[in-house]
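Working notes, structure below.
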Amino acid sequence: MMINDNIAQEIREIRDVDLDDLMTSEFKGRVVRKDLTKQLKEGANVPVYVLEYLLGMYCSATDDDLIQAGMERVKKILTDNYVRPDEAEKVKSMIRERGTHKVIDKISVKLNQKKDVYEASLSNLGIKDAVIPASMVKENEKLLTGGIWCIVTLSYFFEEGQKTSPFSVLSLKAIQMPSMNMDEVFNARRNFTMDQWLDLLLRSIGMEPANLEQRAKWHILARMIPFVENNYNVCELGPRGSGKSHVYKECSPNSLLVSGGQTTVANLFYNMSSRQVGLVGMWDIVAFDEVAGIRFKDKDGVQIMKDYMASGSFSRGRDSIEAKASMVFVGNIDQSVETLVKTSHLLAPFPAEMIDSAFFDRFHAYIPGWEIPKMRPEFFTNRFGLITDYLAEYMREMRKHAFADAIDKFFKLGNNLNQRDVIAVRRTTSGLLKLLVPHGEYSKEDVRTCLTYALEVRRRVKEQLKKIGGMEFFDVNFSYIDNESLEELFVNVPEQGGSQIIPPGMPNAGVVHFVSRGTAGKLGVFRIETQKTAGNGKLTTSGLGSDTEAKEQVKVGFEYFKGNLSRIAANNQYSDHEFHLHFVDLQMSGNSHSSSLASLIANCSTLLGKSMQESMVVLGSMTLGGVINPVQDLAGSMQVALEAGATKILIPMASASDIPTVPAETFTKFQVSFYQDPIDAVYKALGVN
């Protein structure tokens, strides 16, 4: 066994060396060894793309001696020119004494309209008002929105009565690729296999593919789709420490990570007073870190965001403004995924004002962050990858290409996908193909792989919408049809399977499952567990807190049980026992105010020592006089029961007229029993003739 492991390890190493050689020959001067970046990153708090810009200039060889010499050069540049915030005053003094000095810093610019000059502020140096020529600002418009990292030469000149700052910018070189030849990428791609290219992309953002599962590789790749697709909306929720925001923060100068989530409409979309487009007009990606903390200071923030996410445009004042930025939402899930799938939905970490089916329907994909391992040292690569900046430019150029029609050449989408689903699936497939086959020479299997993934990540959004918005979103059985064989293939979401709230097998006597609307306003599954002890016919309840209306419902069921016991079991005496009913709210729906019938069945089941039928759910409620109330939302209630794992269902005859509202694919999954009155319901629930 040990020998086999060693052979596998050797094969992997040979493959890695081959890939390194392939990269260095195909992308000469465009690759860098990623462990060098890590060594430098630990010393200087500079984004990766800045370090790799320098490393690409001096360290893109494979020869160790040359790399070492290059590293020394880069370290010297960082030592001499990178400004540490605590040394800011010393550097300012140096600029004053020498007259000029070159620094590496993040620089942003604003227009001072009182003096009619552009003023640059350097974040680490702490200079807020260095004069910068208008020509430089025109060439680098990003200076005006959030700023970019640059190599800047500053000069110092002071005279009495001067109105402007003594500091001014003499020259400025943005740390970004000046130009990009896409044919170079397309031609190089033809010499890589699909797997090799996937490994190259992952190594270029610093990950080590050899230590990752195939699915995790695809999820990390999916994080890069917003870089190549315009107006792509994606969310990723998962445990802490799985590197969710790393790509958006470190790997491209074209993306902006909004930390803390507090923002304004003026900042994000359009500032009415200065008539300037906000972040969405200036960046390729606006990513929100920690979604739980997203707050708009304006009431209409979420509304404008909805509008923008649906159409790529929004209106402010008289103008309708278009922008291309993709929206990314990342955040943490605190509970286990199994718990959330059973009790709530996987979008629960979003703030309350955003939990709205219309908002989430605009998400093109939901990346399952819980399937990506927490980052440990072995998941970061020491081998060659593309310079981050080169990768960022390549991804940016790919935004101009469109591969959305690739699906139609080989496949058709199933009938459960509505217009928004189709757009989402096309966008995701197009994004994956742009990353994996930028030269456009894709095979049917390439498209199939990307399409299957796209259907899964969109279905994950739809599954949550079904829980939030009910029957409006019931059609989640996504599929695609092969144009040649006409075979229809369905795509599932892994976490949905096997999460049954109602366990298979016979329940204990006195255990009843029923579906009703809770005080939180949504439909949910409830369980009653009943205990019978010797006593004098008393009833107690637990699990309902101080909710008197919920307790009244239980009382209605119990009073009817006392009054009609002779019709159910003539030779049994309820007065010899005490009954305790415990209520469990299985899906965080709040207490049920229509549990009367379920309570009656639970009492009868306990007294007779007879279990309810296997996997059965009760619908409907009753009055003290035995009148049956119809089910309020039959289609929704049956859908909730189906997802909870029920196979049999008890429905009042009063609701028979609502059956046409239930989708056929939901109704046919159940063995349905109808009941006329409460006694009939008890007999059918307990399977007694």
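The values are calculated or read from the model by the stated rules, or taken from the named source; none is laboratory data. Since this is a predicted model, take the numbers as computed values, not measurements. Reconstructed Cβ throughout: ideal geometry from the backbone, glycine too, with neighbour counts over all protein chains shown. Accessible surface areas use protein heavy atoms only, side chains included; no ligands, DNA or RNA. Shrake-Rupley method; radii C 1.70, N 1.55, O 1.52, S 1.80 Å.
Within the range 266-290, take every residue that is among the β-branched types (Val, Ile, Thr) and touching a Phe, Trp or Tyr at 6+ places or on another chain (Cβ under 7 Å) and give me the one that is modelled with the highest pLDDT.
First, pick out the residues of the range 266-290 that are among the β-branched types (Val, Ile, Thr): 277, 280, 285-286.
With the extra rule that they be touching a Phe, Trp or Tyr at 6+ places or on another chain (Cβ under 7 Å), the set shrinks to 277, 280, 285.
Working: 277: 79, 280: 82, 285: 90.
Residue satisfying both the conditions and the ranking: 285.
For the range 622-649, which residues satisfy the criterion of being outside any loop (DSSP other than H, G, I, E, B), under 19 Å from residue 680 (Cα atoms) and in contact with a Phe, Trp or Tyr (Cβ under 9 Å, 6 or more places away or on another chain)?
Applying the first criterion (outside any loop (DSSP other than H, G, I, E, B)) to the range 622-649 yields 622, 628-629, 634-643, 648-649.
In the following step, the residues that additionally are under 19 Å from residue 680 (Cα atoms) were identified as 622, 628-629, 648-649.
If the condition is that a residue be outside any loop (DSSP other than H, G, I, E, B), under 19 Å from residue 680 (Cα atoms) and in contact with a Phe, Trp or Tyr (Cβ under 9 Å, 6 or more places away or on another chain), then 622, 628, 648, 649 are the ones that fit.
Mind telling me which of the residues 154, 170, 200 ends up being modelled with pLDDT of 85 or more, out of contact with any helix residue (DSSP H, G or I) (no Cβ under 6 Å at 6 or more places or on another chain) and open to solvent by less than 10 Å² (accessible area, probe 1.4 Å)? Show your work before the answer.
On the way: 154 fails: out of contact with any helix residue (DSSP H, G or I) (no Cβ under 6 Å at 6 or more places or on another chain); 170 fails: open to solvent by less than 10 Å² (accessible area, probe 1.4 Å).
From the options 154, 170, 200, the qualifying one is 200.
Would you point out which residue out of 254, 211 is touching a residue at least 60 places away in the same chain (Cβ under 8 Å) and closer than 16 Å to residue 326 by Cα?
Criteria check complete, one pass: 254.
Take the range 193-204 and flag every residue that is out of contact with any Asp or Glu (no Cβ under 8 Å at 6 or more places or on another chain) and in contact (Cβ under 8 Å) with a residue 40 or more places away in the chain. Full working, then the answer.
Taking the range 193-204 first, the residues out of contact with any Asp or Glu (no Cβ under 8 Å at 6 or more places or on another chain) are 193, 195-201, 203-204.
If the condition is that a residue be out of contact with any Asp or Glu (no Cβ under 8 Å at 6 or more places or on another chain) and in contact (Cβ under 8 Å) with a residue 40 or more places away in the chain, then 196, 197, 198, 199, 200, 201, 203, 204 are the ones that fit.
So residue 314 passes all but one of these: (1) surrounded by 15 or more Cβ atoms within 10 Å (Cβ to Cβ); (2) under 18 Å from the mean Cα position of the chain (by Cα). Which condition number does it fail?
The single condition residue 314 does not satisfy is (2).
Take the range 174-213 and flag every residue that is in contact with a Phe, Trp or Tyr (Cβ under 8 Å, 6 or more places away or on another chain), more than 30 Å from residue 108 (Cα to Cα) and in a loop (DSSP other than H, G, I, E, B).
208, 212
Look through 529, 549 and report the one residue that is within 18 Å of residue 682 (Cβ to Cβ), open to solvent by 40 Å² or more (accessible area, probe 1.4 Å) and acidic (Asp, Glu). Explain how you work it out, then say what you get.
On the way: 549 fails: within 18 Å of residue 682 (Cβ to Cβ).
It is 529.
Applying the selection to the range 68-83, what residues are touching a Phe, Trp or Tyr at 6+ places or on another chain (Cβ under 9 Å) and either touching a residue at least 60 places away in the same chain (Cβ under 8 Å) or open to solvent by less than 80 Å² (accessible area, probe 1.4 Å) (or both)?
69, 70, 71, 74, 77
Which of the residues belonging to the range 674-689 are more than 9 Å from residue 568 (Cβ to Cβ) and outside any loop (DSSP other than H, G, I, E, B)?
674, 675, 678, 680, 681, 684, 685, 686
Looking only at the range 241-267, which residues are touching an Asp or Glu at 6+ places or on another chain (Cβ under 9 Å), open to solvent by 10 Å² or more (accessible area, probe 1.4 Å), closer than 28 Å to residue 376 by Cβ and assigned to a loop (DSSP other than H, G, I, E, B)?
Those that are touching an Asp or Glu at 6+ places or on another chain (Cβ under 9 Å), open to solvent by 10 Å² or more (accessible area, probe 1.4 Å), closer than 28 Å to residue 376 by Cβ and assigned to a loop (DSSP other than H, G, I, E, B): 244, 245, 259, 260.
Quick one: which of 91, 117 is out of contact with any helix residue (DSSP H, G or I) (no Cβ under 7 Å at 6 or more places or on another chain), among the β-branched types (Val, Ile, Thr) and closer than 30 Å to residue 274 by Cα?
Working: 91 fails: closer than 30 Å to residue 274 by Cα.
When all the criteria are applied, what remains is 117.
Name the strands (runs of 3 or more DSSP E) wholly inside the range 116-165 in which the number of residues that are within 38 Å of the chain's Cα centre (by Cα) and among the hydrophobic types (A, V, I, L, M, F, W, C) is 2 or more. Don't jump to the end; show me each part of the working.
Values: elements: 117-122, 127-132, 148-156.
Filter on the range 116-165 gives 117-122, 148-156.
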